[in-house]
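Written out below as structure tokens is the structure these notes cover.
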Amino acid sequence: MARRRATTIPKGKNEDVRLMAALAAVGVMSIVLFSVFIISPPATIGPNEGELAPDFVASAYNGGGWEDFRLTDQFDRDWTAGEDGQFILIQFMDSDCPHCWREGETMSELHSQWGGKVTFISIAVELSIQGHGSDRNEIEAFRDKTNYGTDSNDGNGCNSGGSNCVERPGSAHAWNYVDDYNLNILRDYGVTGTPFMVLLQPDGYVAWNQGQSGGLMNIEQALQIYVEGN
Amino acid sequence: MNTDYLSEPIFLVLLAGLLSSSYLSINAKNQTGSERTNTLVTSALAFSLTGILTSAVTYAIYNSMISKGYSSLCSSNGFISCADVIGDPSFNTLLSLPWGLIGISGFGLLLYLVLSIRMDPHARWVSNHLDYSWYASIVGMIIVGFLIIVELVFVDGAPHICAYCTVAHLSMIGFLVSAHNLREHKANDDW
């Protein structure tokens, strides 16, 4: 009668160690994350009041040409409340939006009043609405109030393609117009329609968001309260 | 070329982790049987831990860049410049998650897979975990490839190379090699 040879293949442990391994891995990750939060706590980024405004890099038209523009280059990180500093007004606009067309004059007036204390930035978007087809030439014409398009409703020009951009209400604008035709900045700021404004403190934190004011405060009041301090 | 990193203690610690892991991986070539198994698993563990720690440093740099505009851990000019890479708002997150956080999670998963093998190398599920490690590290390599292209082509003022990110990328490559060697070793019945 043949004898069976004893097997020498090692067997695994009786208990399942996978739970212990998972706990150990989670423990390592938790310790590491906790250390990061202590050493360098994350800032809350977002478009809401009290949050750090989302940064962006995009091309901007400054009247002379298109150049790279980065929002955080405008920030004064050392600024503290009560100090003098340059606030930042971000306006989202579409050169074909009739409300933005009319707001052109308001923006001119605001800039002549607050331009010394507030940096103005217009974010030019193209909403997916019929007649809102735009290009950089239209942004330039809208900003500079120059001849672009016709007065007939043929789709060429500003204000839903129904107006020559030279007729935009208000004076020519003397601040950066940022190209956001890919709508990345619009999405980061949670903007659903134009015109839309956000006022930032000099250190980049959102002081006032039009969508959060619930209609109780307009931009003139916000500038008076946050920039002027009364 | 910016060589400030070579006097930065945190960078040197991470580099030491990477070199130790690589040494273990290379050293395993001369071994057989369970000794080789243990060395390869330890090497994979070391790569994943180095990856977690490096990702944590890049996450800390990201937080600092966002809130202060600078980080004391990295320079902001020249070809080797982590500030220009981690500070680029267009590419420093994926679905609003900083890459450092994604790195911690990814390497954490790899750590779990190899740690469980280290705790019980003869369990029935070891082959499955080796396969998962291999597939996960292939996904990791695709991400590393994408990030290297971003560094060299797409970030503001490209090309730039982030030294800390490179340590994390090399950890991923090292893990991939260890995972591959472990699978082969298992298949050869020399476990």
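The values are calculated or read from the model by the stated rules, or taken from the named source; none is laboratory data. Since this is a predicted model, take the numbers as computed values, not measurements. Note: ideal-geometry Cβ built from the backbone for every residue, glycine included; neighbour counts use all protein chains shown.
Some values worked out for this structure:
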{"item": "Conditions (1) more than 14 Å from chain A (Cβ to nearest Cβ); (2) buried (at least 16 other Cβ atoms within 10 Å of the Cβ); (3) out of contact with any strand residue (DSSP E or B) (no Cβ under 8 Å at 6 or more places or on another chain); number of the one not met by B:Ala163", "result": "(3)"}
{"item": "Checklist (1) assigned to a helix (DSSP H, G or I); (2) crowded, with 19+ Cβ neighbours inside 10 Å applied to A:Arg187, failing item", "result": "(2)"}
{"item": "Inter-residue pairs, beta-carbon under 6 Å, first in contact (Cβ under 8 Å) with a residue 12 or more places away in the chain and in the stretch A:210-229, second part of a helix (DSSP H, G or I), 6+ apart", "result": "A:Leu223/A:Trp114"}
{"item": "Residue match in the stretch A:96-117 (condition: within 18 Å of the chain's Cα centre (by Cα) and either more than 22 Å from A:Asn218 (Cβ to Cβ) or part of a strand (DSSP E or B) (or both))", "result": "no"}
{"item": "Which listed residue is among the charged types (D, E, K, R), touching a strand residue (DSSP E or B) at 6+ places or on another chain (Cβ under 9 Å), closer than 25 Å to A:Asn209 by Cα and touching a residue at least 60 places away in the same chain (Cβ under 8 Å), from A:Asp96, A:Asp144", "result": "A:Asp96"}
{"item": "Per-region count, the stretch A:77-95, residues part of a loop (DSSP other than H, G, I, E, B) and closer than 15 Å to A:Ala141 by Cβ", "result": "2"}
{"item": "Cβ pairs under 6 Å, 6+ apart, first in the stretch A:159-183 and of a type in the set (A, V, I, L, M), second surrounded by fewer than 17 Cβ atoms within 10 Å (Cβ to Cβ)", "result": "A:Val166/A:Thr146; A:Val166/A:Asn147"}
{"item": "Filter result (within 12 Å of A:Arg143 (Cα to Cα) and among the aromatic types (Phe, Trp, Tyr)) within the stretch A:155-188", "result": "A:Trp175, A:Tyr177"}
{"item": "Unmet criterion (only one of (1) modelled with pLDDT of 95 or more; (2) crowded, with 19+ Cβ neighbours inside 10 Å) for A:Thr119", "result": "(2)"}
{"item": "Exclusive hit being touching a residue at least 12 places away in the same chain (Cβ under 8 Å), under 23 Å from B:Leu19 (Cα atoms) and not charged (D, E, K, R), set B:Phe175, B:Phe154", "result": "B:Phe175"}
{"item": "Counted residues, the stretch A:10-30 - those being more than 7 Å from chain B (Cβ to nearest Cβ), part of a loop (DSSP other than H, G, I, E, B) and surrounded by fewer than 13 Cβ atoms within 10 Å (Cβ to Cβ)", "result": "2"}
{"item": "Restricting the stretch A:166-184 to residues that are touching a strand residue (DSSP E or B) at 6+ places or on another chain (Cβ under 6 Å) and not in a loop (DSSP other than H, G, I, E, B), the residue that is nearest to A:Gly85 (Cα to Cα)", "result": "A:Asn176"}
